[in-house]
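Step one of this worksheet: look at the structure below.
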Amino acid sequence: MPGPFHGSVLAMHLLVSAVDQAAKGGVTMPVPMDNPILQLRREHDEALAVLDRLEGALHDLAAPEALVAVQRAVEFLDEEVRAHNQREEESLFPALEVALPPPGPAAALRSEHREFSKLLSKLKFAISQIPFSPGTGEIGLAAVDLLRRHIRKENGIVFPMAQQLLSAEEMSQMKRKMEELIEDQEAAAATPWAV
Ligand SMILES: [Fe+2]
Ligand SMILES: [Fe+2]
């Protein structure tokens, strides 16, 4: 039976190969419709569309429609993207951490989630005043840039790597965990007064 060293060499080989493929312009791998990774990718697509709208509004905060556009985008990031990040942290990352122990990519991704969360909190505060606080545009654009880079890394490197490293059983566990979390998050959103 191969020891842990063998496993880590194999994991590093897969990591290098995934990074290499991503650098060459994308990875094409068949993804079954019920694959949890595909679900996370779809959520990324929605987030990227919101980031485009937010960026446009931040570039022209004086426009009459900017206020509502920024508020809607921030609401989406605060609810949907925070929930998405939590699902990654509790389903995908633990599985990756088993396959690729520290210093694997999960620690850096968790740290980027924290950094994004801080920027988002600052942005929420900045837009809680009308007119928006000075510096709102810079804070918002920093959040847009950070999340875009993070999503690019997950789509281009981390997800292909997870698909190569995780077994069908680990994928099923991840899917079940994501479904559980979605149920909990939806229940919490429906009853915000319950702690
Ligand atoms: Fe993430
Ligand atoms: Fe993500």
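Computed from the coordinates by the stated procedures, all read-outs in this text should not be read as laboratory data. Because the structure is predicted, anything quoted here is derived from the model rather than measured. Glycine gets a Cβ as well: all are built from the backbone with ideal geometry, and neighbour counts include every protein chain shown.
At q = 0.10, 0.15, 0.21 Å⁻¹ the log10 of I(q)/I(0) for the stretch 46-131 amounts to -0.33, -0.63, -0.97, computed by Debye summation with a single uniform scatterer per C-alpha, solvent ignored.
Net charge near Glu43, counting Lys/Arg +1 and Asp/Glu -1 over other residues with Cβ under 9 Å of its Cβ? Kindly include the intermediate steps, with their values, before the conclusion.
Numbers: positive: Arg41, Arg42, Arg87; negative: Asp45, Glu46, Glu80.
Cβ neighbours under 9 Å give a net charge of 0.
Determine the shape class of the stretch 129-195: with a ≥ b ≥ c the square roots of the Cα gyration tensor eigenvalues, call it rounded for a/c under 1.5, and otherwise prolate if a/b is greater than b/c, oblate otherwise. Here the stretch 129-195 falls in the oblate category.
For the stretch 89-195, the list of chymotrypsin sites (Phe, Trp or Tyr not before Pro) that fall in a loop by DSSP and count at most 11 other C-beta atoms within 10 angstrom reads Trp193. As a calculated quantity, the FRET efficiency between Ala62 and Lys124 at R0 = 22 Å, using C-beta atoms, amounts to about 0.60. Full extension of the segment from Ala190 to Lys175, taken as 0.36 nm per residue of separation minus the current Cα-Cα distance, would add 3.2 nm.
Cα centroids of the stretch 98-139 and the stretch 176-195: 22 Å apart. For the stretch 49-106, GluC sites (Glu not before Pro) are listed when DSSP marks them as loop and at most 16 other Cβ atoms sit within 10 Å of their Cβ; the list is Glu65.
Taking each residue as 0.36 nm, the span from Arg41 to Glu138 lengthens on full extension beyond its C-alpha to C-alpha distance by 32.2 nm. Relative contact order for the stretch 48-186: 31 percent, from Cα pairs under 8 Å spaced at least 6 residues apart, divided by residue count. Separation of the alpha carbons by more than 25 angstrom is noted, of Lys122/Lys175; Lys122/Lys177; Lys153/Lys177, for Lys122/Lys175; Lys122/Lys177.
Across the stretch 151-161, coupling constants 3J(HN,Hα) worked out from phi with the 6.51/-1.76/1.60 Karplus curve, θ = phi - 60°, read 5, 4, 5, 5, 5, x, 10, 5, 5, x, 5 Hz, and Gly and Pro carry x.
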